[in-house]
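Derivation of every value follows stated rules applied to the coordinates shown; laboratory data play no part. Just so it is clear, the structure is predicted and the values come from calculations on it, not from any experiment. All Cβ positions, glycine included, derive from the backbone under ideal geometry; neighbour counts span all protein chains shown.
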Amino acid sequence: MTQACHRKCVPPHYKEPELSKGESVCLDRCVAKYLDVHERMGKKLTELSLQDEELLKRMQQGTGTA
């Protein structure tokens with residue numbers, strides 16, 4: 001995330017010691033998007049894991065279909 005957002009938002013040759021307003025806004029949005037995607041992926045993976053556990057339980061009980 002750090003490298004991707006830095007590469008996207010900050011030019012390779014620094015002109016000033018501080019970030020410009022545009023660079024700061026870009027970094028904020030980039031990090032927010034990264035965290036949003038990370039949260040969504042975590043929820044989806046948890047959902048899939050719970051579905052797998054449920055299917056495994058059904059199969060072990062002999063009521064699942066393969």
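Applying the Karplus relation 6.51 cos²θ - 1.76 cosθ + 1.60 with θ = phi - 60° to segment 19-29 yields 3J(HN,Hα) values of 5, 6, 4, x, 5, 5, 5, 4, 4, 4, 5 Hz, where x marks Gly and Pro.
Among the lysines of the chain, pairs that are 8 or more positions apart or on different chains and have alpha carbons within less than 26 Å of each other number 7.
Principal axis extents of the C-alpha atoms in the chain (largest first, rounded to whole Å): 68, 17, 13. Each residue, Tyr34 and Tyr14, gets one label point 7 Å from its Cα in the Cβ direction; the gap between the two is 1.8 nm.
Among the GluC sites (Glu not before Pro) within segment 11-53, those in coil by DSSP and having at most 15 neighbouring Cβ atoms inside 10 Å are Glu18. Here is how the number arises for the chain: DSSP H runs of 4 or more residues each give -39500 (n - 2.57), the sum is divided by the residue count, and the result at 222 nm is -26000 deg cm²/dmol.
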